[in-house]
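Trainee: Next up is a structure, given as C-alpha cells.
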Amino acid sequence: MPFDLRVLVKRLHQSPLIQFLIPKQLTNQNLLRNVTKSGNQYNKFRTDFANEQGADFISPAALPSMAGDSKPEIKVLVVCLGNICRSPMGEAVLRDVAKKRGINVEVDSAGTAGYHVGEEPDERTVAVCRKNKVPIDSLARQVATSDFINFTYILASDENNLRNLERIRPSNGTATVRLWGSYLDNKPIPDPYYGGLGGFDKVYDQCVNLSNAFLDEVTK
Ligand code: 4NP
C-alpha cells in the first residue's frame, strides 16, 4: 500500500524516539535514508509507523527507492505574475503528479509581481484543483533573490516572467531557470486571470502535461 513520504517525515520529526537523533542540518532526504537502515535505532519507529499506517511497507528494502535514494533532491519553484492563478495551480499539480509517480520533489510557487502577496489562490484555481481532486494550499509571495540559490529549477509560466526572472537573477544564483513549456512544446501558459473558468481548465491540463514532461526530463 503506498503512503505519503511527507507524512513519514512529519512523524519522524514528531517522534520522541527519533528527535534526539536528528541534527539540524540533516536533510529530509538523508533522514529518510537513515530510517531505512536495518538494525539501528529506527527499528521501533518503523514498526510503530507501519502499525499506524496499517501496512507492512516500511521494510528497509522497500523504502530507499520510494525515498529517491540515489537521486539528488529536486526543488522546484513555479513562477507566474501574481502567484494566485497559474503558479499555485502548477505547484499543486506538479506535487500531485510527482507523488503519484513516486518521485521525491519539493515544490513551491511565487510571482514576479507583488500585487497579491499573502492572498489565497484565485477561487477559480481552487475550484479546478478541487474538481480534479488535487490538494492546493498556498499563499502568494513574490520571488526573492534567495530562490535562485535555494531551488534547483525555476519554471516560468511565460516569456514575460522568464525575462523578469533573468533580470533579477543574482550572479551567484545556481538554479536552472527555464520556460516550463521548454520541457514539452515551448508554449507559454496563457494568463487566465481576465477570462472565464474554461481558461483555468486549460491551464490545469497544461500543468499536468508539463509536470509529466518536466519529471521525465529530470529523472532520466
Ligand atoms: P497569475 O494571474 O499570474 O497566473 O497569478 C494573474 C493574477 C493577477 C493579475 C494578473 C495575472 N493582476 O493583474 O492582478
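Trainee: Regarding E91, is this residue open to solvent by 80 Å² or more (accessible area, probe 1.4 Å), within 16 Å of the ligand (Cβ to nearest atom) and touching a residue at least 24 places away in the same chain (Cβ under 8 Å)? Outline the logic, then answer.
Mentor: On the way: open to solvent by 80 Å² or more (accessible area, probe 1.4 Å): no; within 16 Å of the ligand (Cβ to nearest atom): yes; touching a residue at least 24 places away in the same chain (Cβ under 8 Å): yes.
Taking the combined requirement at face value, the residue does not satisfy it.
Trainee: Please go through segment 178-205 and give me each residue that is acidic (D, E), away from the ligand (no atom under 14 Å from the Cβ) and either in a loop (DSSP other than H, G, I, E, B) or modelled with pLDDT under 95 (or both), ordered by number.
Mentor: D185
Trainee: What do you reckon, is R130 over 21 Å from G199 (Cα atoms) and in a helix (DSSP H, G or I)?
Mentor: Values: over 21 Å from G199 (Cα atoms): no; in a helix (DSSP H, G or I): yes.
So R130 fails the test.
Trainee: Kindly indicate whether P170 is farther than 16 Å from K75 by Cα and buried (at least 16 other Cβ atoms within 10 Å of the Cβ). Before the answer, list the steps.
Mentor: Numbers: farther than 16 Å from K75 by Cα: yes; buried (at least 16 other Cβ atoms within 10 Å of the Cβ): no.
The answer is no for P170.
Trainee: Answer yes or no: is there a residue in segment 138-158 that is open to solvent by 10 Å² or more (accessible area, probe 1.4 Å), within 16 Å of the ligand (Cβ to nearest atom), at pLDDT below 95 and closer than 27 Å to L32 by Cβ.
Mentor: The answer is yes; a qualifying residue exists.
The values are calculated or read from the model by the stated rules, or taken from the named source; none is laboratory data. Because the structure is predicted, anything quoted here is derived from the model rather than measured. Here Cβ is always computed from backbone atoms with ideal geometry, including for glycine, and neighbour counts include all displayed protein chains. Just so you know, the surface numbers come from the protein's heavy atoms only, side chains and all, with ligands and any DNA or RNA stripped out. Shrake-Rupley method; radii C 1.70, N 1.55, O 1.52, S 1.80 Å.
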